[in-house]
Amino acid sequence: MNMTDPIADMITRIRNGVRARLPKIDVPASRLKAEIARILKNEGYIANYRLVEDDRHGAIRIFLKYGPGWERVITDVQRVSKPGCRIYCGKGEIPRVYGGLGINILSTSRGVMTGREAARTGVGGEILCNVW
């Protein structure tokens, strides 16, 4: 299967998994996706994630998180920068997501981090996605 945008694929799987109230989803593993999963866990959007060995090159199993009445913790995830149209922002122009209620995940020269961390660190980068 040819995949032009594996990050968008991961985001779509998370969005679909949350909408279908699935306890967990698997996405093909990559270092960037593992970093995105780490941020989602640190920010409290997913319960956990772990690398799973499969016959190919491994997968990341993401354990989705819900409230006590199965309310979704993740309302939506949006891909911002796409392979056909990369979206970058400087350190002073990192946009707020959903009036500060959401986060954006940036790929910067100092690694993958949230928009808040990037602003604090004083780096800009490519906006991978918004989560709220």
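Quick notes
- Note on region 1-48: residues that are among the β-branched types (Val, Ile, Thr) and either without any contact (Cβ under 8 Å) to a residue 12 or more places away in the chain or surrounded by fewer than 17 Cβ atoms within 10 Å (Cβ to Cβ) (or both) total 2.
- Checking every residue in region 114-126 against the condition of being among the charged types (D, E, K, R), assigned to a strand (DSSP E or B) and in contact with a Ser or Thr (Cβ under 6 Å, 6 or more places away or on another chain) gives at least one match.
- Here Glu71 qualifies as under 16 Å from Val18 (Cα atoms), of a type in the set (Asp, Glu) and either out of contact with any Phe, Trp or Tyr (no Cβ under 7 Å at 6 or more places or on another chain) or at pLDDT below 95 (or both).
- From the list Ala8, Ala47, Ala37, the one residue that fits, being under 16 Å from Ile103 (Cβ atoms) and small (Gly, Ala, Ser), is Ala37.
- Pairs where the first residue, in region 86-101, is touching a residue at least 40 places away in the same chain (Cβ under 8 Å) and the second is surrounded by 13 or more Cβ atoms within 10 Å (Cβ to Cβ) and not charged (D, E, K, R), C-beta under 8 Å, 6+ apart: Ile87/Val80; Ile87/Ser81; Ile87/Ile127
- Candidates Ile60, Ile36: the one that is assigned to a strand (DSSP E or B) and either more than 18 Å from Ala8 (Cα to Cα) or in contact with a helix residue (DSSP H, G or I) (Cβ under 8 Å, 6 or more places away or on another chain) (or both) is Ile60.
- Residues being at pLDDT 95 or above and outside any loop (DSSP other than H, G, I, E, B) - total across region 83-113: 12
- In this structure, Val97 does not satisfy being at negative phi and under 12 Å from the mean Cα position of the chain (by Cα).
- Restricted to region 14-47, and to residues there that are under 13 Å from the mean Cα position of the chain (by Cα) and polar (S, T, N, Q), the residue that is farthest from Leu106 (Cα to Cα) is Ser30.
- When Trp70 is tested against the conditions (1) in contact with a Ser or Thr (Cβ under 6 Å, 6 or more places away or on another chain); (2) exposed (fewer than 12 other Cβ atoms within 10 Å of the Cβ), the lone failure is (1).
- Some residue of region 103-123 being under 21 Å from Asn16 (Cβ atoms), touching a strand residue (DSSP E or B) at 6+ places or on another chain (Cβ under 8 Å), touching a residue at least 12 places away in the same chain (Cβ under 8 Å) and of a type in the set (Lys, Arg): no
The values are calculated or read from the model by the stated rules, or taken from the named source; none is laboratory data. If you're wondering where the values come from, they're calculated on a predicted model, not measured in any experiment. Using ideal geometry, Cβ is built from the backbone for each residue, glycine included, and neighbour counts are taken over all protein chains shown.
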